[in-house]
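The values are calculated or read from the model by the stated rules, or taken from the named source; none is laboratory data. Quantities reported herein were computed from a predicted structural model and do not represent experimental measurements. Glycine gets a Cβ as well: all are built from the backbone with ideal geometry, and neighbour counts include every protein chain shown. Note: areas computed on protein heavy atoms with side chains; ligands, DNA, RNA excluded. Shrake-Rupley method; radii C 1.70, N 1.55, O 1.52, S 1.80 Å.
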Amino acid sequence: TAIPLVLALLALFGAAPAQARSPYDGLWSVSLGVDQGSCGDHTIELFIRNGEISHAGDRGFFTADGRVSDQGRVAASIGALGLTASADGQLSDRQGSGTWMFPEWGCSGRWLAERRST
């Protein structure tokens, strides 16, 4: 009777789809530097889980969403005060960089990321 029970448990748990873990999963600190416009420099924390980007802060001022490909390509949006900036770039194992644009405010710049944890 133990073998059918074990087989049933394996079938039950084995049937659930495995979530694909991204090599970039974890907490990241991202510094947004301004090259053009009157926006201020900011540092925000982002969380990546299964390649999905979200804001890790608890203040609610910033929002973030987007994706990181398995090759580290970033396509994201970062929001503040109901407006959204687009960002793209590249992550490596511990760091990353790219550009961002906030057309509504006429701002743009570069971002630098550093992994905090996995």
**Asked** Ignoring ligands, DNA and RNA, what percent of the 1.4 Å accessible area of the stretch 56-118 is carbon and sulfur?
**Response** 51 percent
**Asked** Ratio of Rg to Rh for the stretch 44-118, alpha carbon only, Kirkwood?
**Response** 0.94
**Asked** With every protein chain left in place, what is the accessible area per residue of the stretch 65-104 in square angstrom, probe 1.4 Å?
**Response** 55 Å²
**Label-point separation, Asp88 to Val34 (7 Å along Cα→Cβ), nm** = 2.5 nm
